[in-house]
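One structure below.
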Amino acid sequence: MSILNIGQSALAAAQLGLQTTSNNIANASTPGYNRESIVQSENGGQNSGSGFVGSGTNVQTIQRMYNTFLATQQNVAQSSYSGLDTNYTQVSQINNMFANTTSGLSPSIQSFFDSVQTATANPSAASSRETVLTSAQTLASQFQSTSGQLTQLGQGVNSELTTTVQSINSYATQLASLNQSISTAEASNAGQPPNDLLDQRDQVVSSLSKLVGVTVVNQGNSYNVSIGTGQPLVVGTQAYQLGTVESPTNASQLEVGYVTGNTTSAISENSLTGGSLGGLLQFRSQNLIPAENALGQMAIGLASVVNSQQELGQDQNGNAGVAMFSAGSPVTTSSTNNTGSMQVTTTVSDPTALTTANYSLEYDGTNYNLTNLSTNTVAYSGSTFPPASAVDGLTFSSTGTPSTGDNFLIQPTVAGASNFSVAITNTSQIAMAAPIVTAASSSNTGTGTISAGVVNGPPPVNANLKDSVSITFNGAPNAGTYNVTDATTGTTLATNATYAADGNISYNGWTAQISGTPAAGDTFTVGANTSGVGDSRNGLLIAKLATANTLNGSTTSIQGAYSQLVSVVGDQTSQLQATSTAANTQLTNATSAQQAVSGVNLDEEASSLIQYQQAYQAAAKVMSAAETLFTTLLSDLSTAG
């Protein structure tokens, strides 16, 4: 090997070094670009008789500075952050909706009960009653509006799921194509790595990780990519597809499915974690559906307790009160995969015992299994259809015959708010008055007094509620006792009943309390409130429902239930914000670690550029020296000749 050839090899190596360094500088800001460097080796030496003399250098390959472990860590961190950030963004919308103190649901609830309270000061005034009816209609509109906004969020999730699945399919197709291109390029170039194609493929994997959590296995010169519980997305040059399908028990909800031939089979939501896809699914199942159900539960509970008290009162026309509000009924849906003829109906038997859970009712061929989907616990299991006794305030009935595997989705409260409305149409129907009135005879000589009396709930009221009833105290030998007579029907309700001071006396669906010491012959009456237009006793009881513990098994008030809902959503939002921020920090750290190996440092590249420039110049001088020596040699030979 001549000195000229050695210089030429050095010149070629330096030139490749300059080109590689220049390419690094040019792509310093290119997403997914991995820094490259040349890998040189010494050419074999030649025996000169005095030892082996080197024969120059050789560039074996242009190497990507790529670390699989660091790249995987970055993709995992990217997937985690993308999922949490997507969930946080969605939950923030619910939080802003519920926590609005000026135009949200809370001020509408408070305004309704405040209007009832105000009307009790002048229950016969048309303006006061009109305010009550208007505030009731505003409350109904706010329930419907809030429910509608949640429904729109659900539709938005469906739309984003469809778009995300299309993007995942596109990336899968690109990966399969890149696997093919990389394999072809390596085969046609003696196994030399096509770095630009490798960078493109890794960038596609990074983009895919933003959409869904993936597992990547490097097999030969191909990436095999899977999702979920191992469903293959890319195998070599073959790309598989995802799709969306309607839930078999909820047509308004899309599920992500795996496409096999002409069939799309739903993938369990719990297995699709990470990425914006996992974030959307988690938001829907853990945040949106519970919020819809909680809102509906509150609407049903409010309607129930207000209606119950309204129906125990008397309206402006002297009639028994009728329901003021109506709310949505439970939604029970048969799976489209069912083959039996059974249909299930769900009714609310105790609105105060309702939870925010949905339920699954499945027949396994032997038993009916009713599962609470929020807690994943079995609420009932037996060979007979769920009994008439209530489960969480619900009762069930059925027609037809089930087949093995038939399944039903039960959503007790989902429609409660969307179908919440005002049932009365006239202000005179507001039952501000109590239907009974009590009195003590003016001829009484004792110190006994009788309370205003209350109507025993729940409705319907006793048919004899408004009968004229007299309570007359006896003298010796039956002193300390009283007789009760229904003058309307001529019926004796009690004879010589024992009197207990401050004790309650209950007949015909009412309860009154007589206090003090009645004298023999003293009479008290309970009867119809025939002139009750100025009475507001029942209105006061309705107003008190705002803070009375009437929901969740009589443990929570209406305002308390809404406050709990706002608090739960607020806590979820704060927690997701914190975890999203932490995940972003992890992503930043993982990216920094990856870039420390693969990223382009312009200062280092500038130094390398000078180094290769000097090497190029030195190699050129070697070749120049070789040329001078060769010329001198030829000149000497010519002179000698």
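Provide S159, S209 ordered by accessible surface of protein heavy atoms (probe 1.4 Å), highest first.
So the residues, ranked largest to smallest area, are S159, S209.
Any chance you could look up the accessible area of T588 with a 1.4 Å probe, heavy atoms only, rounded to 10 Å²?
About 70 Å², ignoring ligands and nucleic acids.
Compute the accessible area per residue over the chain, keeping the other protein chains in place, probe 1.4 Å, unit Å².
So the chain comes to 46 Å² accessible per residue, rounded to a whole number.
Could you work out how far helix 126-188 tilts from the main Cα principal axis of the chain, as a 0 to 90 degree angle to the nearest 10?
20 degrees
Using Cα positions and a limit of under 24 Å, work out the lysines in reach of K621, with same-chain residues fewer than 8 apart set aside.
none
If you average 1/r over every pair of different alpha-carbon atoms in the chain and take one over that average, what Kirkwood value in Å do you get?
32.1 Å
Between region 572-586 and region 99-148, how many Å separate their Cα centres?
38 Å
Taking Cα centroids, how far is region 322-399 from region 438-469 in Å?
42 Å
Taking the Cα atoms only, what angle lies between the long axis of helix 558-598 and the longest principal axis of the chain, rounded to 10 degrees?
Approximately 10 degrees, to the nearest 10.
Ranking request for peptides 620-626, 163-169: highest mean number of other beta-carbon atoms within 10 Å first, then the rest in descending order.
Ranked from most to least packed, the peptides come out as 163-169, 620-626.
Return one number: the angle in degrees, 0 to 90 and rounded to the nearest 10, between the long axis of the Cα atoms of helix 3-26 and the longest principal axis of the Cα atoms of the chain.
20 degrees
Excluding same-chain residues fewer than 8 positions from K466, which lysines have a Cα within less than 27 Å of its Cα?
Qualifying lysines at Cα under 27 Å: K544.
May I ask you to give the percent of accessible area on region 58-166 that is carbon plus sulfur, with a probe radius of 1.4 Å?
Summing carbon and sulfur atoms, their accessible area is 47 percent of the total for region 58-166.
Using a ≥ b ≥ c from the Cα gyration tensor of region 16-85 (square roots of the eigenvalues), is it rounded, prolate or oblate, where a/c under 1.5 gives rounded and otherwise the larger of a/b and b/c decides, a/b for prolate?
It comes out oblate by the Cα gyration axes.
Fully extended, how many nm does the chain gain between T375 and T447 (0.36 nm per residue separation, minus their Cα-Cα distance)?
Length difference between fully extended and current span is 20.1 nm.
Would you pull out the residues with amide H under 5 Å of G257's amide H, same chain only if 5 or more places away, H placed 1.01 Å from N?
G243, T244, V245, I267
List the residues whose amide H sits under 5 Å from the amide H of F325, counting only those 5 or more places along or on another chain, with H placed 1.01 Å from N in the peptide plane.
For F325, whose amide H was placed from the backbone, the distant partners under 5 Å are N307, A423.
Work out from phi, with θ = phi - 60° and the Karplus expression 6.51 cos²θ - 1.76 cosθ + 1.60, the ³J(HN,Hα) of each residue of region 292-299, listed in order in whole Hz, and give x for Gly and Pro.
Karplus values, whole Hz, x for Gly and Pro: 4, 5, 5, 5, x, 4, 5, 5.
Each residue of region 55-66 in order: what ³J(HN,Hα) in whole Hz does its phi give by Karplus 6.51 cos²θ - 1.76 cosθ + 1.60, θ = phi - 60°, with x for Gly and Pro?
Once rounded to whole Hz, the list reads 10, x, 10, 9, 8, 6, 6, 9, 9, 7, 8, 10.
Select from I450, N24, N601 the residue farthest towards the positive end of the dipole of the chain; place +1 on Cβ of Lys and Arg, -1 on Cβ of Asp and Glu, and compute about the Cα centre.
Checking the options against the dipole of the chain, the answer is I450.
Figure the gain on full extension for S383 and T530 (residue separation times 0.36 nm, minus the Cα-Cα span) and round it to one decimal in nm.
My answer for the length gained is 47.4 nm.
Taking Cα pairs under 8 Å and at least six residues apart, what relative contact order does the chain come out at, in percent?
Contact order relative to length: 19 percent.
Test of understanding: what is the full-extension gain from T632 to A497, defined as 0.36 nm times their sequence separation minus their Cα-Cα distance?
Roughly 34.1 nm would be gained on extension.
Whole-Hz Karplus ³J(HN,Hα) for region 333-350, in order, using 6.51 cos²θ - 1.76 cosθ + 1.60 and θ = phi - 60°, x for Gly and Pro?
Those phi angles translate into 10, 7, 5, 5, 8, 5, 10, x, 9, 5, 10, 10, 10, 10, 10, 8, 9, 9 Hz.
Say each of A125 and E604 gets a label point 7 Å from the Cα, pointing the same way as Cα to Cβ; how far apart are those two points in nm?
In this crude label model, A125 to E604 measures out at 8.1 nm.
Go through F396, Q617, L11 and say which Cα lies farthest out towards the positive end of the charge dipole of the chain; charges sit on Cβ, +1 for Lys and Arg, -1 for Asp and Glu.
Going by the charge dipole, the pick is F396.
The values are calculated or read from the model by the stated rules, or taken from the named source; none is laboratory data. Every value quoted in this text rests on a predicted model; they were computed, and no experiment measured them. Cβ: placed from backbone, ideal geometry, glycine included. Neighbour counts: every protein chain shown. To get the accessible areas, we keep the full protein, side chains included, count just its heavy atoms, and leave off ligands, DNA and RNA. Shrake-Rupley method; radii C 1.70, N 1.55, O 1.52, S 1.80 Å.
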